[in-house]
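The structure appears below as structure tokens.
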Amino acid sequence: MLNLLNDLKAEFGFTSLFISHDLSVIRYISDRILVMRKGLIEESGTPDSIYRNPKSAYTRKLLESVPKLMA
């Protein structure tokens, strides 16, 4: 499903609003991320900027909760 959405986005310039608590999915499918807390925007940016340099403590906590793959 996620691959299909990415294909549609690439082929047709498809735009969507994708809401999820799974930040690994959000990173995969998004060009831009808004992190919300209690209905307010905590932080926004590209997936790389959010993952590499989260500005808010709330975003850092969310990122820490993403399971890590073992090598």
How large is ³J(HN,Hα), in whole Hz, for each residue of the stretch 30-47 in order, when computed from phi with the Karplus curve 6.51 cos²θ - 1.76 cosθ + 1.60 and θ = phi - 60°, using x for Gly and Pro? 9, 9, 9, 10, 10, 9, 10, 9, 6, x, 10, 6, 7, 6, 9, x, 6, x
Proximal lysines to Lys9, defined as alpha-carbon separation beneath 20 angstrom and excluding residues fewer than eight positions away on the same chain: none
What lysines does Lys55 reach when the alpha-carbon gap must be under 19 Å and sequence neighbours fewer than 8 apart in one chain are set aside? Lys38
GNM of the chain, Cα pairs under 10 angstrom: of Thr46, Thr15, Thr59, the biggest fluctuation goes to Thr15
Once amide H atoms are placed 1.01 Å from N in the peptide plane, what residues at a sequence separation of 5 or more from Glu43, or on another chain, have their amide H within under 5 Å of its amide H? Val35
Would you kindly state the longest site-free stretch of the chain, with sites defined as trypsin sites (Lys or Arg not before Pro) in a DSSP loop (not H, G, I, E, B) surrounded by at most 11 other Cβ atoms within 10 Å? 1-31
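Give me the number: length gained by fully extending Ser56 to Lys38, i.e. 0.36 nm times residue separation minus the C-alpha to C-alpha distance, one decimal in nm. Could the numbers behind the result be given before it?
Working: separation 18, 0.36 × 18 = 6.48 nm, distance 1.41 nm.
The Ser56-Lys38 span can extend by a further 5.1 nm.
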The chain - percent relative contact order, Cα under 8 Å, separation 6 or more: 22
Percent of all alpha-carbon pairs of the stretch 17-64 at distances over 15 Å, whole number, is 34
Quick query: amide H of Val66 versus all other amide H atoms, modeled in the peptide plane; which residues come in under 5 Å with a sequence gap of 5 or more or a different chain? none
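Computed from the coordinates by the stated procedures, all read-outs in this text should not be read as laboratory data. It should be emphasised that the depicted structure is a prediction, and the values quoted were computed from it without experimental measurement. Backbone-built Cβ (ideal geometry, glycine too); neighbour counts: all protein chains shown.
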